[in-house]
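Reviewing the structure listed below.
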Amino acid sequence: MAKKKVYVAFDYDDLGVKQNLIAESQRPNCPWEFIDNSIPRAIPDKWALEAERLIRESDFVIVLCGEQTHQATGVATEVQLAQKLGRRYFLLSGTRTGTPTRPKHSRTDDKVWTYRWPTLQTLLSGGTPPPDAAVR
């Protein structure tokens, strides 16, 4: 499978999960190219424009879902941008101990998928994982 450019939307409470995703992207057999979308300082006037540019340049948007994602306004904006730009996105559980929540503006039929290597490979290749790979 050709490398995919991936934009990751995440709540800063889930930074550790994002860092794990970065580490996995460095594995020799990783099927995607990681684009680090972190913005190191607050730039409220330009943040959405930068997020839109990065999402436009990406093949997929991975939305990490933690326990508070439903309150993360930045993640909600990134989901809206992915929808506006017609980018495929999927929701990935960003918690092992709690219950992941969907971001605002995600579709009601968007499943939250477990964070497992085979699930990621299937999603990034355009497929749908088996139903038991969904958290909710």
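The values are calculated or read from the model by the stated rules, or taken from the named source; none is laboratory data. All figures in this text were calculated on a predicted structure; none of them were measured in a lab. Backbone-built Cβ (ideal geometry, glycine too); neighbour counts: all protein chains shown.
Taken over the range 101-135, the criterion of being in contact with a helix residue (DSSP H, G or I) (Cβ under 6 Å, 6 or more places away or on another chain) and without any contact (Cβ under 8 Å) to a residue 40 or more places away in the chain is satisfied by T101, K104, H105, W113, T114, T119, P129, A133.
The set of residues from the range 77-95 being more than 16 Å from A51 (Cβ to Cβ) and either without any contact (Cβ under 8 Å) to a residue 60 or more places away in the chain or of a type in the set (V, I, T) (or both) comprises R88, F90, L91, L92, S93, T95. The listed residues are Y89, Y115, and the only one of them that is of a type in the set (F, W, Y) and either in a helix (DSSP H, G or I) or more than 12 Å from A9 (Cβ to Cβ) (or both) turns out to be Y115. Within the range 73-89, restricting attention to residues that are closer than 21 Å to T128 by Cα and of a type in the set (D, E, K, R), the residue that is surrounded by the fewest Cβ atoms within 10 Å (Cβ to Cβ) is R88. Taking the listed residues G74, G98, the one that is touching a residue at least 12 places away in the same chain (Cβ under 8 Å), in contact with an Asp or Glu (Cβ under 7 Å, 6 or more places away or on another chain) and of a type outside the set (V, I, T) is G98, with no other qualifying. Kindly evaluate P44 against the criterion of being surrounded by 21 or more Cβ atoms within 10 Å (Cβ to Cβ), over 20 Å from S125 (Cα atoms) and not hydrophobic (A, V, I, L, M, F, W, C). The answer is no for P44. Filtered by the rule that a residue be part of a helix (DSSP H, G or I), of a type outside the set (D, E, K, R) and either closer than 21 Å to Q80 by Cα or touching a residue at least 12 places away in the same chain (Cβ under 8 Å) (or both), the range 21-33 gives L21, I22, S25.
Among the candidates L64, L85, the residue that is modelled with pLDDT of 90 or more and touching an Asp or Glu at 6+ places or on another chain (Cβ under 6 Å) is uniquely L64.
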